[in-house]
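The values are calculated or read from the model by the stated rules, or taken from the named source; none is laboratory data. All values derive from a computational prediction rather than experimental measurement. Here Cβ is always computed from backbone atoms with ideal geometry, including for glycine, and neighbour counts include all displayed protein chains.
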Amino acid sequence: MPEPRRPPAVLQILPRLDQGGVERGTVEVAGALVKAGWRAVVASAGGRMTAEIVRAGAEHVELPLGSKNPAMMLLNARRLAGLIEARDIDIVHARSRAPAWSAMLAARRTRRPFVTTFHNAYGAESWWKRRYNSVMARGDRVIAISRFVAAHAAATYGVGEDRIRIIERGVDLDRYRPDRIAPSRIEQLARAWRLPDGVPVIMLPGRLTRWKGHEILIEALSGHGRRELVCLFLGSGRERYRRALEGRIAASGRAGQYRFVDHCEDMPAAYMLADIVVSASTRPEGFGRVIAEALALGRPVVATDHGGGNEIVSPGVTGWLVPPGDAKALAAAIGEALALAPAARAALARAAMAAVAGRFSRDAMTRRTIAVYEEMLRGRP
């Protein structure tokens, strides 16, 4: 009798599993693979999200994959090749540049299909940087997380239409639904963050790093006539940059309006506290997960008009788009959002939730990713 056919196996590779869009996508795809009857293995240096991999029924293998040391990358290639053979892996999927070099060598050595995910338009200021980035364009299939990223991969690295697949990041609509969020969760955060009742909340979720546009938002609110509001910066970062922001806030004379929150375990409830969610990035975002998550909950969004963000927001329908770095335009859009009548705000919320459900759901993202894996299996001898 023929042996029963074993389920196919996918190895996803990334530096760490702490927090961020890359990590969240890895966890979601691993869970979807297990639900579809596949085997899912993730290799990384570990982190706070490792437990989620295990809870999803996947396997995590700890390796020092974040190193950019060439000798360590070669050693990691040998380790990954051994892992591929030991776990009988069918497809190797790299999600970050440094470990992608090791993953590519291991995939070629073991003759496995190699998939990459292009997460952003990586800077290519020098020949060396361009060479380092180019590994993400060397997959047998290259997944781009937006049309913006796909165009960059094609123009800068020559990735043809035969290899590139556009799969936008997805939002977990089971978690990001207003009717799934108990008022007590929202009230708990409001108390913890000292948010006064009845005062509009402007939220900028994102790491405390200069290109996320915190300074642009401070400038916009400094010139805004409305003083009875709270601005919430949600995300951790370098202490030096935080002190610089605090200095700018103090100089504006509005120190009491700002809150800094390093981390939040309940982001759906956090978004529900916001009257407006701002994405003020001065550099293009590859996709803009914050934008999609906020829209899934019906929150008005003001975002910069570049990168993947302008593929998510429909101006005048689901939110506002403003030129990057333009504090006056940002202030004007925030003013319009705050002035929305209840009926107009409700209509915007309905349109936003429908747009995300139609185009940017987690299930659509994982289903299309698995379709790429199936495509690779069909083409494999």
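Pro2 is checked against (1) at pLDDT below 95; (2) surrounded by 16 or more Cβ atoms within 10 Å (Cβ to Cβ); (3) not aliphatic (A, V, I, L, M) and fails just one. What number does that condition carry?
That leaves (2) as the condition not met.
Tell me, yes or no, whether the stretch 289-303 has at least one residue that is in contact with a His (Cβ under 6 Å, 6 or more places away or on another chain), more than 23 Å from Thr26 (Cα to Cα) and either in a helix (DSSP H, G or I) or in contact (Cβ under 8 Å) with a residue 24 or more places away in the chain (or both).
No - not one qualifying residue is present in the stretch 289-303.
Taking the stretch 3-22 only, how many residues are closer than 13 Å to Ile53 by Cα and part of a strand (DSSP E or B)?
Here the count works out to 3.
Can you name the number of the only condition in (1) over 20 Å from Gly206 (Cα atoms); (2) surrounded by fewer than 16 Cβ atoms within 10 Å (Cβ to Cβ); (3) out of contact with any strand residue (DSSP E or B) (no Cβ under 6 Å at 6 or more places or on another chain) that Pro7 fails?
The single condition Pro7 does not satisfy is (3).
Just checking, which of Ala30, Ala40 is of a type in the set (A, V, I, L, M, F, W, C), at pLDDT 95 or above, in a helix (DSSP H, G or I) and closer than 20 Å to Ala364 by Cα?
Going through Ala30, Ala40 in turn, the sole match is Ala30.
Of everything in the stretch 21-45, what is of a type outside the set (A, V, I, L, M) and either surrounded by fewer than 16 Cβ atoms within 10 Å (Cβ to Cβ) or outside the structural domain of Arg79 (by TED's automatic domain parsing) (or both)? Give them in sequence order.
Lys35, Gly37
Going by the conditions given, is Ile216 among the β-branched types (Val, Ile, Thr), over 15 Å from Phe260 (Cα atoms), in the same structural domain as Tyr271 (by TED's automatic domain parsing) and in contact (Cβ under 8 Å) with a residue 12 or more places away in the chain?
So Ile216 passes the test.
Just checking, how many residues over the stretch 240-279 are in contact with a strand residue (DSSP E or B) (Cβ under 6 Å, 6 or more places away or on another chain) and aliphatic (A, V, I, L, M)?
7
Looking at the stretch 290-318 only, could you name the residues that are among the charged types (D, E, K, R) and over 18 Å from Ile167 (Cα atoms)?
Selection gives Arg299, Asp305.
Among the residues of the stretch 90-111, what is the count of those that are in contact (Cβ under 8 Å) with a residue 24 or more places away in the chain, surrounded by fewer than 24 Cβ atoms within 10 Å (Cβ to Cβ) and more than 18 Å from the chain's Cα centre (by Cα)?
7
All but one of (1) in contact (Cβ under 8 Å) with a residue 12 or more places away in the chain; (2) of a type outside the set (D, E, K, R); (3) more than 25 Å from Ala121 (Cβ to Cβ) hold for Gly198, so report the exception by its number.
So Gly198 meets the others, but not (1).
Output yes when any residue across the stretch 67-75 is in contact (Cβ under 8 Å) with a residue 40 or more places away in the chain and surrounded by 15 or more Cβ atoms within 10 Å (Cβ to Cβ), and no when none is.
No, every residue in the stretch 67-75 fails to be in contact (Cβ under 8 Å) with a residue 40 or more places away in the chain and surrounded by 15 or more Cβ atoms within 10 Å (Cβ to Cβ).
State which residue is surrounded by the most Cβ atoms within 10 Å (Cβ to Cβ) when the search covers only the stretch 159-212 and only residues that are of a type in the set (Val, Ile, Thr) and closer than 30 Å to Val372 by Cα.
Ranking the qualifying residues of the stretch 159-212, first place goes to Val171.
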